[in-house]
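The values are calculated or read from the model by the stated rules, or taken from the named source; none is laboratory data. Because the structure is a prediction, the values reported are computed rather than measured. All Cβ positions, glycine included, derive from the backbone under ideal geometry; neighbour counts span all protein chains shown.
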Amino acid sequence: MLPLDQGLSVSFSHVVYSDIAPFVGLDHTRRMKDIETFELHRSRIPTALFKSIAQDMDMMMMQYGPPLEHEHEEATSRFLSPVRIIPSLRC
């Protein structure tokens with residue numbers, strides 16, 4: 001793991017996973033397969049909202065493919081867009 005005060009040697013707009021992975025203790029060559037799982041005991045969002053987000057994520061998966069196949073952060077950002085929608089603004 002790199003020291004946090006060392007910083008990145010690339011511009012934020014051009015950063016890629018291989019630049020960030022060492023800062024969070026991951027090996028970029030393992031393509032996120034070294035991320036540990038954790039138990040989530042309780043969700044704090046209503047079940048209906050969770051189901052709606054999961055359905056939206058399924059649609060995004062069909063359109064953009066799984067995150068490991070995204071070639072740039074724009075695809076990942078669009079893929080994750082259903083999670084960022086403010087519930088009160090959902091149609």
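Residue count for the range 24-62 satisfying the condition of being in contact (Cβ under 8 Å) with a residue 12 or more places away in the chain, small (Gly, Ala, Ser) and within 19 Å of PHE79 (Cβ to Cβ): 1.
For the range 35-56, name all the residues that are under 23 Å from PRO82 (Cα atoms) and loosely packed, with under 10 Cβ neighbours inside 10 Å. Selection gives THR37, PHE38, GLU39, LEU40, HIS41, ARG42, SER43, ARG44, THR47, ALA48. Do we have any residue at all in the range 33-40 that's assigned to a helix (DSSP H, G or I) and modelled with pLDDT under 85? No - not one qualifying residue is present in the range 33-40. Identify the residue in the range 20-34 that is exposed (fewer than 11 other Cβ atoms within 10 Å of the Cβ) and not basic (Lys, Arg) and, among all such residues, is nearest to LEU80 (Cα to Cα). Restricting to residues being exposed (fewer than 11 other Cβ atoms within 10 Å of the Cβ) and not basic (Lys, Arg), the top hit is VAL24.
Among the numbered conditions (1) under 17 Å from VAL16 (Cβ atoms); (2) surrounded by 12 or more Cβ atoms within 10 Å (Cβ to Cβ); (3) free of Cβ contacts under 8 Å to residues at least 24 places away in the same chain, the only one that GLY65 does not meet is (1).
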